[in-house]
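Visitor: There's a structure below that I have some questions on.
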Amino acid sequence: MTAVAVLPTSAQADSGLPGLTATTETPALYGDDAGGNADADDPAIWRNAANPDASLVIATAKEGGLRVYDLAGKEVQSIAAPPAPTPDDKPGRFNNVDLVSGFPLPTGRADVAVVTDRGRDHLRIYRITPGAAQPLTDITDPNAPLVFSKTLDEVNDQTTPYGLATWTDKSTGRSYAVVSQRSRTRVALLELKTTSTGTVTYQQVRTIDLPSSFTLPNGQSWTPCADPGDLPQVEGMVVDPVNKVLYAGQEDVGIWRLSADLSTKPKLIDKVREYGVPATYDEATEECVAGADPGYGGTHLSADVEGLTILDEGDGDGYLLASSQGDNTFAAYDREVSDNNEYESGFRITAGTVDGSEECDGAAVLNAPLGSRYPDGLLVVQDGHNTPDETDANGEVRDNTDFKFVDLAKVTNALDGDD
């Protein structure tokens with residue numbers, strides 16, 4: 001991850017936001033050799049229209065590949081990331097996932113899951129088969145191109161696919177993946193295409209580079225502190241299909257809004273609190289040491305800004321939800337562009353029957369009936385510090401992550417001000 005400037009404690013304000021509890025959680029993933037280097041990152045919620053109780057959560061586990069869970073949080077399928085072609089190469093690493101409904105295949109239309117493979121610089125595409133014991137099947141074209149790299153050496157440098165959002169242009173029927181580049185500010189628009197053999201490939205349409213430095217109100221130039229050679233990257237992204245708008249979270253900067261086809265000038269709709277804070281990278285600690293806060297940042301997000309998702313309440317109403325990783329909260333913005341995506345409210349996921357969510361990466365929300373467990377819909381969030389801790393044979397704490405399932409009624413009641 002990008003090195004983040006550490007602010008004084010006083011700058012991390014106590015939000016006083018309501019705490020919501022999760023109903024259940026998925027099995028712990030462990031980011032060590034014994035756990036297969038599995039690290040929970042980003043979820044997507046797939047609704048089984050014929051049998052909503054059989055809906056699924058599809059989630060990335062980085063080098064651990066892909067996991068599929070039922071609504072009870074039970075794992076129903078595990079898909080390994082591709083191995084390294086040679087010992088000198090990087091293995092597959094699945095970073096983000098999103099869904100496309102009704103994608104045209106030779107056998108008919110099907111829902112598919114699209115995944116960014118940061119390790120091998122590809123997208124991977126999986127057909128979803130309702131009711132199957134193994135619901136996901138890889139249908140990626142074996143000849144699909146590299147996304148950002150020109151050579152295999154560049155692949156191993158890992159400036160590769162990171163964040164992801166999919167969308168379908170209803171006027172043309174064409175489906176796209178918007179993909180961000182790790183350690184860079186570039187975002188690419190890729191069109192998903194079916195081949196004559198029934199596999200799925202993709203073709204780049206255009207790219208856009210977000211700013212890497214910013215002019216502050218005092219006239220000085222500011223660049224977010226990062227690991228040497230890195231630029232302020234984007235990960236969390238979501239497309240609002242009603243408005244054909246992309247929201248992109250530049251982790252140490254804030255949330256950008258632009259057209260989903262990347263053809264318009266980006267607008268920064270909110271900044272992280274750390275925006276404009278000077279910081280210097282310390283090689284000894286591999287962290288950024290912050291200077292005095294000039295006060296140019298926002299008040300709702302603490303870096304990193306991460307998982308973005310749209311809570312659709314119909315007729316263009318609803319919220320843009322964002323994970324504020326630095327203070328373990330979630331911010332909610334008005335979905336309507338005409339209202340300039342005004343900040344509305346926020347919440348935390350706190351401990352209850354299961355522990356809460358801390359340092360959240362990815363999040364996904366679906367406002368649709370999901371059977372008897374979630375008749376009002378579901379919010380799924382990553383927990384970057386799952387508890388209780390577990391130690392290895394040497395007494396070292398193992399990296400422990402998972403996903404929390406939150407009844408959407410709790411979220412909408414909190415945001416809409418209901419009891």
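Visitor: Using alpha-carbon positions, what is the distance between the centroids of segment 303-361 and segment 246-261, in Å?
Guide: Here the answer is 14 Å between Cα centres.
Visitor: Obtain the nm distance between the two label points defined at Thr285 and Ser372 by a simple spin-label model: each point lies 7 Å from its Cα along the Cα-to-C-beta direction.
Guide: 5.3
Visitor: Amide H of Gly65 versus every other amide H placed in the peptide plane: which residues, excluding those fewer than 5 positions away on the same chain, fall under 5 Å?
Guide: Under 5 Å from the amide H of Gly65 lie the amide H atoms of Ala81, Phe94, each far enough along the sequence or on another chain.
Visitor: Also: If you build the convex hull over the alpha carbons only and average its shadow over all orientations, what do you get for segment 245-286? Give it in nm² to one decimal.
Guide: If you wrap the Cα atoms of segment 245-286 in a convex hull and average its projections, you get 3.9 nm².
Visitor: Then there's this: What is the distance in Å between the Cα centres of segment 156-193 and segment 55-85?
Guide: 21
Visitor: Of all the Cα-Cα pairs you can form in segment 265-307, what percent are over 14 Å apart?
Guide: I get 56 percent for the Cα pairs in segment 265-307 exceeding 14 Å.
Visitor: Using amide H atoms built in the peptide plane, which far-off residues or other-chain residues are under 5 Å from Glu235 H to H?
Guide: Gly249, Glu251
Visitor: Another question, if that's okay. For the residue pair Glu396 and Asp33, what label-to-label distance in nm results when each label sits 7 Å from Cα along the Cα-to-beta-carbon direction?
Guide: 1.0
Visitor: Averaged over every viewing direction, what's the projected area of the C-alpha convex hull for segment 71-187? Give it in nm², one decimal, please.
Guide: In nm², the orientation-averaged hull projection of segment 71-187 is 9.1.
Visitor: What does the charge count around Pro130 come to, taking other residues whose C-beta lies under 13 Å from its C-beta (Lys +1, Arg +1, Asp -1, Glu -1)?
Guide: With Lys, Arg at +1 and Asp, Glu at -1, the neighbours total 0.
Visitor: Just the number, please: carbon plus sulfur as a percent of the accessible area of the chain, 1.4 Å probe, no ligands or DNA/RNA counted.
Guide: 45
Visitor: Rolling a 1.4 Å sphere over the protein heavy atoms, what is the accessible area per residue of the chain, to the nearest Å²? Walk me through the intermediate numbers first.
Guide: Values: 17270 Å² over 419 residues.
Spelled out: the 1.4 Å probe surface of the chain, per residue, equals 41 Å².
Visitor: How large is the translational diffusion coefficient of segment 29-131 in µm² per second when you combine the Kirkwood radius over alpha carbon pairs with Stokes-Einstein at 37 °C and 0.692 mPa s? Mind dumping the intermediate values first?
Guide: Working: Rh = 14.3 Å.
D = 230 µm²/s.
Visitor: Only helical DSSP H runs with n ≥ 4 go in: add -39500 (n - 2.57) per run for the chain, normalise by residue count and round the 222 nm mean residue ellipticity to 500 deg cm²/dmol.
Guide: -1000 deg cm²/dmol
Visitor: Please give the FRET efficiency for Thr299 paired with Asp153, using the beta carbon to beta carbon distance and R0 = 60 Å, rounded to the nearest 0.05.
Guide: The formula returns an efficiency of 0.85 here.
Visitor: While we're on this one: Within 10 Å, count the other beta carbons around each residue, average over each peptide in 48-61, 256-269, and list them highest first.
Guide: Values: 48-61: 19.4, 256-269: 16.6.
Listed from highest to lowest mean packing, they are 48-61, 256-269.
Visitor: State log₁₀ I(q)/I(0) for segment 237-374 at q = 0.13, 0.18, 0.22 Å⁻¹ as given by the Debye formula over alpha-carbon point scatterers of equal weight, solvent excluded.
Guide: Summing over Cα pairs of segment 237-374 leads to -0.62, -1.05, -1.37.
Visitor: Within segment 345-419, list the trypsin sites (Lys or Arg not before Pro) lying in a DSSP loop whose Cβ has at most 11 other Cβ atoms in a 10 Å radius.
Guide: Passing sites in segment 345-419 do not exist.
Visitor: Restricted to Cα positions, what overall size does the chain have along the principal axes? Three whole-Å values, descending.
Guide: 60, 56, 55
Visitor: Each residue of segment 317-326 in turn: what ³J(HN,Hα) in whole Hz from Karplus with 6.51, -1.76, 1.60 and θ = phi - 60°, glycine and Pro shown as x?
Guide: Taking θ as phi minus 60°, the curve returns 8, x, 9, 8, 9, 9, 7, 9, 5, x Hz for segment 317-326.
Visitor: List the residues whose amide H sits under 5 Å from the amide H of Phe403, counting only those 5 or more places along or on another chain, with H placed 1.01 Å from N in the peptide plane.
Guide: Counting only residues 5 or more places away or on other chains, the set is Thr26, Asp383.
Visitor: If the viscosity is 1.002 mPa s and the temperature 20 °C, what Stokes-Einstein diffusion coefficient in µm²/s follows for segment 53-99 when Rh is the Kirkwood radius over Cα pairs?
Guide: On the way: Rh = 11.6 Å.
The diffusion coefficient I find is 185 µm²/s.
The values are calculated or read from the model by the stated rules, or taken from the named source; none is laboratory data. Predicted, not measured: the structure shown is a model, and the values here were computed from it. Please note: Cβ atoms are built from the backbone with ideal geometry, for glycine as well, and neighbour counts cover all protein chains shown. Side chains included, ligands, DNA and RNA excluded: accessible areas come from the protein's heavy atoms. Shrake-Rupley method; radii C 1.70, N 1.55, O 1.52, S 1.80 Å.
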